[in-house]
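Here the structure is laid out as structure tokens; the discussion comes afterwards.
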Amino acid sequence: MITANLNSKASIQERAASGQLTWKWPLLIVFARLCFALVAQSLVAVLFFRSEPSPYLAADKWWPVYGILIDLGCFFSGDLAGGQGRLALWGPD
């Protein structure tokens, strides 16, 4: 079975013309990123810096570490959002 490339220019234009592509998922991911950042910094602050006078400021230095977790959360939530046939991040199944 041959499948069409979901990310080809013609396929994207066809889905845009039919109204299948909306701003719903991109905007959701942008706001989800903020939530992932707040949760990640809070977890680092609570788990590792409870004894510090200001745990959130102490967790600030670990931004490169939990920044990767934020990026992974956004990537996989974007993949879940696109997994309904709107986007193909991993290629054909």
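The values are calculated or read from the model by the stated rules, or taken from the named source; none is laboratory data. Keep in mind the model is a prediction, meaning the values are calculated, not measured. Cβ atoms come from the backbone with ideal geometry, glycine included; neighbour counts cover every protein chain shown.
Here is a check on your reading of the model: is W62 touching a Gly at 6+ places or on another chain (Cβ under 9 Å) and part of a helix (DSSP H, G or I)? Against the criterion (touching a Gly at 6+ places or on another chain (Cβ under 9 Å) and part of a helix (DSSP H, G or I)), W62 does not qualify.
Exactly one residue out of P26, P64 is more than 30 Å from I12 (Cα to Cα) and not polar (S, T, N, Q): that is P64. Kindly indicate whether S77 is hydroxyl-bearing (S, T, Y), on the phi < 0 side of the Ramachandran plot and surrounded by 11 or more Cβ atoms within 10 Å (Cβ to Cβ). Yes; evaluated as a whole, the condition is true for this residue. Residue count for region 1-41, restricted to those that are without any contact (Cβ under 8 Å) to a residue 12 or more places away in the chain and in a helix (DSSP H, G or I): 17. Any residue that is at pLDDT 85 or above and of a type in the set (S, T, N, Q) - is there at least one of those in region 1-8? There is no residue in region 1-8 that is at pLDDT 85 or above and of a type in the set (S, T, N, Q). The residue that is surrounded by the fewest Cβ atoms within 10 Å (Cβ to Cβ), counting only those in region 7-41 that are touching a helix residue (DSSP H, G or I) at 6+ places or on another chain (Cβ under 8 Å) and farther than 16 Å from S77 by Cβ, is L21.
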